[in-house]
Amino acid sequence: MRTGEVLIRTEGLEKHFNGGEIRALDGIDTKICSGEVVVVVGPSGSGKSTFLRCLNLLEVPTGGHIFFEGTDITDPQTDINVHRQKMGMVFQHFNLFPHMTILGNMTIAPIKVLKRPKEEAEKQARELLERVGLLERADAYPSQLSGGQKQRIAIVRALCMNPDVMLFDEPTSALDPEMVGEVLDVMKQLARDGMTMVVVTHEMGFAHEVGDRVIFMDEGKIVEENTPDEIFEHPKSERLKGFLAKVL
Amino acid sequence: MIEFFRRFPERFYTAFIQDDRWRYMVEGLGNTLLVTFLSLLIGVALGIVVALIRASWDKNGEQMRPGPGRFFLRLANGICKVYLTVIRGTPVVVQLIIVFFVIFVNQSKLTAGVLTFGINSGAYVAEIIRAGIMSIDPGQNEAGRSLGFGYVSTMRFIILPQAFKNVLPALANEFIVLLKETSVLGFVGYTDLNRASQIIVSRTYYALIPYFAIAIIYLLMVIFFTYLVGKLEKRLRVSDAHAQGGEKKIGLRLTAEPMRGPTAVIVEVDDENR
């Protein structure tokens, strides 16, 4: 494992709905180290997306703690906006801003949130666009792009904030099959460049190939957590075996 | 009938030309337009504030941490709800009479009229804008927040621009409704277009031509503004037309009919069928 210092640590993370009737997350203890690619897999409804969305408080946990770069971000006194700037997020449905051009999508947060000069932000955005092969679409609107292109833009939009960690919430689930590859390629490139990544996905091939560690979740709990080889070749728990039998 | 046409030029002359009575009509038309425009400005300003408070509470109120922020938002939301219920639950004529004869006694009729219609229109504009805000996919808010924008900046840079674009035709429609509703200003003695015709009738003892004349003027104005709204709608649709892929979007379907009622309907639009 390529592990640096601990970047995110969760302690007894809980998310309950209806006063504890539904336990989407039921005591998650784990840590994510810098430079690490952690892939979260599990059946639908297992809480893996909820876990990811809790990491930047898009879902507010009902219990437990999340430490990001040493700060307890679940503390009500913490200004979460400051910490979110360091956590890029990519959504299943892209969530590009339809009223802005691609360049506008990528530069609005650096300009308005980080107060960086427009020219500098645009220069960085163009460099990133070139890396994902979409430079010529800089002035297009999101509605003019294909799903795969939209998702690549969403990734580089998050990268424009120079985040310390990237969170991916099923980034390829809403894509047509022929567009999955182009998005995964960008993510692989990102992993090679040493970006810390937490990826919720159904792409087992990606998990195996790119992941440093795989977390298998079921019913709001971490059932098994290991290197991809161990998870996929030597699953220990019955639930993981059953899950792999269905998806592989 | 023949009698009507035979005497038409003469009656037209008495109604509008004699003693320069057309001046009443011009003054009335000017006042009608003035009150409508100024009321719309107040209405939109008020509507945005009320819509933001209502939408903020509806979307976030439940999950907010208890504290002064939550208390004030809840209080503001309650006040807005009362405002909407009272204004939309009483006839505008009644509101007008109360403002003129109870609250703004001996004040400028223009101020009182503009305030009445502005406050009245604000209630309807608020609900239009709120529908616009609520129609924006929650993912837009999440994307904004995940990039480090606070709640207010997300509203300002991401949600409101899209919401406005969606409800612009409904807002234009509200303007048309307002234009016609100001015709009750005559009730309190303000010389709008409607009252101008009444003045002429009371001088000439002949009702048909002045009343038909203002009917035609109102109709022409409404047709003209409806035409503008239609063009606006078409332009907005064109800018969305080149969408690819079949993903579902929540959007607003807007009607351009100049009538009061549900002007904005939240519907699920299939991009391919636009």
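The values are calculated or read from the model by the stated rules, or taken from the named source; none is laboratory data. Being a predicted model, the structure only gives us computed values, none of them experimental. All Cβ positions, glycine included, derive from the backbone under ideal geometry; neighbour counts span all protein chains shown. SASA here: full protein model, heavy atoms, side chains in, ligands and nucleic acids out. Shrake-Rupley method; radii C 1.70, N 1.55, O 1.52, S 1.80 Å.
Each of B:ASP19, B:ASP58 has its accessible area taken with a 1.4 Å probe; listed largest first, they run B:ASP19, B:ASP58. In this structure region B:2-271 gives 51 Å² per residue of accessible area when probed at 1.4 Å with all protein chains present.
Using a probe of 1.4 Å on the protein chains alone, the accessible area found for B:TYR190 is around 20 Å².
Our summary gives region B:2-271 a relative contact order of 25 percent, counting only alpha carbon pairs under 8 angstrom and 6 or more residues apart. Near A:GLY64, the amide H atoms lying under 5 Å from its own belong to A:GLU14; only residues 5 or more places off or on other chains count, and H is placed 1.01 Å from N.
For A:MET217, the residues whose amide H sits under 5 Å from its own are A:VAL41, A:GLY42, A:VAL223, ignoring neighbours fewer than 5 places away on the same chain, with H placed 1.01 Å from N. Restricting the trypsin sites (Lys or Arg not before Pro) of region A:88-196 to loop positions (DSSP other than H, G, I, E, B) with no more than 15 neighbouring Cβ atoms within 10 Å leaves A:LYS115.
Positive contributions from Lys and Arg (+1) and negative ones from Asp and Glu (-1), summed over other residues with Cβ under 12 Å from the Cβ of A:GLN85, come out at +3. Using the Karplus relation 6.51 cos²θ - 1.76 cosθ + 1.60 with θ = phi - 60°, the per-residue 3J(HN,Hα) values for region A:113-124 come to 8, 8, 6, 7, x, 4, 4, 5, 4, 5, 4, 5 Hz, with x marking Gly and Pro.
Using only Cα atoms, tell me the angle between helix B:22-60 and the longest principal axis of chain B; keep it within 0 to 90° and round to the nearest 10. It works out to around 20 degrees. Panel note: contact residues of region B:136-152 (accessible area lowered by at least 30 Å² against the chain on its own; 1.4 Å probe) correspond to B:GLN140, B:GLU142, B:ALA143, B:ARG145, B:SER146, B:LEU147, B:GLY148, B:PHE149.
Of all segments of chain A bounded by GluC sites (Glu not before Pro) found in a DSSP loop with no more than 16 other C-beta atoms within 10 Å, the longest spans A:70-218. The Rg/Rh ratio for region B:78-228 is 1.11, where Rg is the radius of gyration of the alpha carbons and Rh is the Kirkwood radius.
For chain A, which whole-number percentage of the solvent-accessible area (1.4 Å probe, protein heavy atoms only) is attributable to carbon and sulfur atoms? Carbon and sulfur atoms account for 47 percent of the accessible area of chain A. May I ask for the net charge around B:PHE37, where only other residues with Cβ less than 15 Å from the Cβ of B:PHE37 are counted and Lys, Arg are +1 while Asp, Glu are -1? Summing Lys/Arg as +1 and Asp/Glu as -1 gives -2.
Kindly write out, for region B:141-157 in residue order, the coupling ³J(HN,Hα) from the Karplus curve 6.51 cos²θ - 1.76 cosθ + 1.60 (θ = phi - 60°), rounded to whole Hz, with x marking Gly and Pro. Whole-Hz 3J(HN,Hα) from phi for region B:141-157: 5, 5, 4, x, 5, 5, 8, x, 5, x, 4, 5, 5, 4, 4, 5, 8.
For the residue pairs A:LYS86/A:LYS112; A:LYS15/A:LYS48; A:LYS15/A:LYS112; A:LYS31/A:LYS115; A:LYS31/A:LYS221, the alpha carbons lie more than 20 Å apart in A:LYS15/A:LYS112; A:LYS31/A:LYS115. Electrostatic bookkeeping for A:LYS31 treats Lys and Arg as +1 and Asp and Glu as -1; over the other residues with beta carbon under 11 Å from its beta carbon, the sum is -3.
Chains A and B together bury roughly 2200 Å² of accessible surface, counting both sides and using a 1.4 Å probe on protein heavy atoms. Report summary: the helix-based calculation at 222 nm, which adds -39500 (n - 2.57) for every DSSP H run with n ≥ 4 and divides by the residues of chain B, gives -23000 deg cm²/dmol.
Given axes a ≥ b ≥ c from the Cα gyration tensor, I'd like to know whether region A:1-98 is rounded (a/c under 1.5), prolate (a/b larger than b/c) or oblate.
rounded
Amide H contacts of A:ARG116: A:ILE111, each under 5 Å away and 5 or more positions distant or on a separate chain (H built 1.01 Å from N in the peptide plane; Pro and chain starts excluded). Shape analysis of region B:2-271 places it in the oblate category; the axes a ≥ b ≥ c from the Cα gyration tensor give an a/c of at least 1.5, with a/b not above b/c.
Against chain A, whose longest principal axis is taken from its Cα atoms, helix A:147-159 shows a tilt of about 90°. 3J(HN,Hα) along region B:189-195, derived from phi through the Karplus expression 6.51 cos²θ - 1.76 cosθ + 1.60 where θ = phi - 60°, amounts to x, 8, 7, 9, 4, 4, 5 Hz, with x in place of Gly and Pro.
Using the Cα gyration tensor of the protein assembly as shown, with a ≥ b ≥ c the square roots of its eigenvalues, what is the shape: rounded (a/c below 1.5), prolate (a/b larger than b/c) or oblate (neither)? Prolate is the answer for the protein assembly as shown, as a/c is 1.5 or above and a/b outweighs b/c. On a 0 to 90 degree scale, rounded to 10, what angle separates helix B:109-135 from the longest Cα axis of chain B? Orientation of helix B:109-135: about 30 degrees from the principal axis.
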